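Just so it is clear, none of the values below were taken in a lab; they were calculated from the coordinates. This one's a predicted model, so the numbers in the text were calculated from it and none came from an experiment. Every residue, glycine among them, receives a Cβ derived from its backbone with ideal geometry; neighbour counts consider all protein chains shown.
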Amino acid sequence: MKTDYLIVGSGLSALVFGALMANSGKTVQILEAHEHPGGFGHTFTMAKKYRFNAQFHYVWDCGEGHTVNRVLKKLGLDRDVTFERYDPKGFDHMKMPGYSLEIPSESAELSRRLSALFPEDSDRISKFVNEVEKTAAGLKKLAPPIKPAELLKHFSEVFCAIQYLNSTLQDVFDKFKLPQAAQTLLALQWPDFLLPPNQLSFYAWIALFRGYQEGAFYPTKHFEYVINSLVKVIESHGGKVLLNHEVINFRLTDRTVTGVEAMDLTTHQTHEFTGDTVICNLDPKKAAKMIGEEQFSKTVRRKLNYEYSASNYMAYCVVKDIDLRDYGFGKWNTFHSGHQDLNQAFAQMYEQNDFSNPSFAITTPTLLTEAGRDCPDDCQIVEFLTVANYSYFKQLWDSDRKAYRKKKQEILDAILDVVEKHYVPNFRKHMVFHITGSPTTNERFCRCPNGNSYGSSLTPRNMGIDRLNHETSLNNFYFCNASSGYPGFAPTFWTGALLYQRLSGDAILG
């Protein structure tokens with residue numbers, strides 16, 4: 001049966017697009033190679049009682065009138081799919097030798113707290129924070145769908161934003177001559193990008209940092225409920241989400257994509273699927289190679305020449321008979337660095353594979369919501385995240401599985417040593433379960449090339465005017481994923497909703 005929209009992949013942007021189209025009366029069919037929908041947003045169960053989300057930790061843009069809220073309202077889900085807000089007085093707790101800082105929602109309070117730590121630099125700090133606010137305002141006006149009248153009305157903010165097109169976060173730190181420790185405290189969210197300040201696009205940092213300032217959230221019923229709710233909308237309107245179906249070929253006739261060939265991974269039989277329009281949630285580079293790169297225009301081929309983002313190391317842990325709130329954890333994340341210079345910390349871990357002095361994030365999903373337990377009542381879940389080099393772990397995986405497992409354990413032990421020294425003295429005694437994931441884990445379970453976590457790397461080069469969008473130059477074929485939009489929970493909601501808006505004419509983003 002031919003559908004209106006055949007969607008390849010069930011990542012979050014694809015589910016948002018599919019749910020919106022199904023809700024509007026279109027027929028939708030989604031093919032997903034994994035046994036779970038949601039891409040990096042999928043949830044898995046271990047030991048029959050512990051539930052972990054693959055990669056999502058906290059989100060923004062969920063408040064009234066913001067992107068996620070608008071989409072959920074359109075789908076009639078806004079009263080059921082709700083979110084718990086992190087502590088606005090300190091949604092991210094930054095920890096490093098000699099300093100700690102709780103990042104507040106109010107920019108004026110952020111300036112005050114930083115100035116208290118660095119009184120001699122208070123003027124520079126205030127100017128930097130003001131520039132961040134002004135640039136953020138300009139970027140919002142430059143985001144599609146662009147309204148020329150708004151650009152003129154807010155020319156000062158737009159001009160401010162444009163001047164940083166090719167800037168890294170480090171470039172702007174240097175411009176305002178911020179002290180090194182202040183730079184590190186402001187950039188300690190680096191695991192959210194898997195890039196250090198000297199490589200990270202200032203635009204990318206602003207989007208996330210200011211996004212969380214406006215409201216950091218966690219789903220009341222956990223991420224699995226968000227994913228399942230979108231799938232339910234699709235299926236309740238007659239659509240289908242076929243799991244364990246891996247697309248192995250695209251059908252192309254006269255520069256028009258007409259469908260795909262997919263293998264049912266449970267039976268190993270191949271089937272043809274067709275659609276009036278094909279939406280590609282696969283990595284665009286991977287899809288282009290399957291189709292034939294020569295089929296795309298020179299402009300699209302140039303935009304497809306992006307670098308993949310770095311990959312990550314995850315440790316999913318369960319502790320028992322302990323309340324992490326007694327040790328400084330709660331409705332916030334904790335970011336720790338043993339280095340004062342994050343550029344050095346990143347290089348040591350990513351380039352030298354040396355985790356002896358790790359910089360990492362800590363998140364405690366059990367403490368963020370009272371609904372829908374993800375573990376037994378006497379347990380709590382805590383997760384650790386840091387960067388990892390795909391090539392290094394791939395080589396270990398292919399050549400020496402024992403060395404691969406040893407390296408994963410070495411990283412966990414280095415992190416737990418820090419945790420026991422600075423946060424929870426007897427953490428290991430309370431840990432009743434743990435499982436670790438590496439870049440090759442990402443590649444195996446989420447089909448992401450090179451184990452990338454965010455599609456294209458969030459460097460200025462990849463965040464500029466040549467960034468890939470939904471246009472493919474082929475007929476009836478559109479990209480819809482992190483590399484052709486933006487990565488993360490709220491940005492993928494935006495990516496899926498923007499493509500829906502452009503193809504349907506239904507303006508839900510304004």
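What the table below lists for this structure:
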| item | result |
| --- | --- |
| Beta bridge orientation in the chain: antiparallel %, DSSP, nearest 5 | 70 |
| Extension gain, H271 back to E471 (0.36 nm per residue minus Cα-Cα distance, nm) | 69.3 nm |
| Mean residue ellipticity (222 nm) of the chain, computed from DSSP H runs ≥ 4 via -39,500 (n - 2.57), nearest 500 | -11000 deg cm²/dmol |
| Calculated Rg and Dmax of the chain using C-alpha coordinates, Å | 22.4, 69 |
| Principal semi-axes in Å for the range 96-171 [√(5λ), Cα gyration tensor, largest first] | 29, 13, 11 |
| Relative contact order (percent, whole number), the range 424-510, Cα cutoff 8 Å, 6+ residue spacing | 15 |
| Residue exposure sequence - E370, E261 - by fewest surrounding Cβ within 10 Å | E370, E261 |
| Spatially proximal aspartates and glutamates relative to K429 (Cα-Cα < 14 Å; intrachain offsets below 8 disregarded) | D321, D323, D413, D417, E420 |
| Length-normalised contact order for the range 310-446 - Cα pairs under 8 Å, 6+ apart - percent | 39 |
| Residue exposure sequence - Y86, Y327 - by fewest surrounding Cβ within 10 Å | Y327, Y86 |
| Cut-off 12 Å between beta-carbons: net charge of the residues surrounding Y86, Lys and Arg +1, Asp and Glu -1 | -2 |
| Entries of K95/K421; K286/K408; K49/K95; K74/K240; K49/K320; K134/K177 with Cα pairs more than 23 Å apart | K286/K408; K49/K95 |
| The range 202-225 and the range 448-466: distance between their alpha carbon centers, rounded to Å | 19 |
| Base-10 log of normalised Debye intensity for the range 87-213 (one unit scatterer per alpha-carbon) at q = 0.11, 0.12, 0.20, 0.23 Å⁻¹ | -0.37, -0.45, -1.20, -1.50 |
| Approximate shape of the range 310-446 as ellipsoid semi-axes (Cα gyration tensor, √5λ), whole Å, largest first | 26, 18, 13 |
| Exposure proxy order (Cβ contacts within 10 Å, fewest to most) of V241, V28 | V241, V28 |
| Reach of K402 by Cα under 13 Å, taken over aspartates and glutamates that are not fewer than 8 positions away in the same chain | E410 |
| The chain, relative contact order [Cα under 8 Å, separation at least 6], % | 23 |
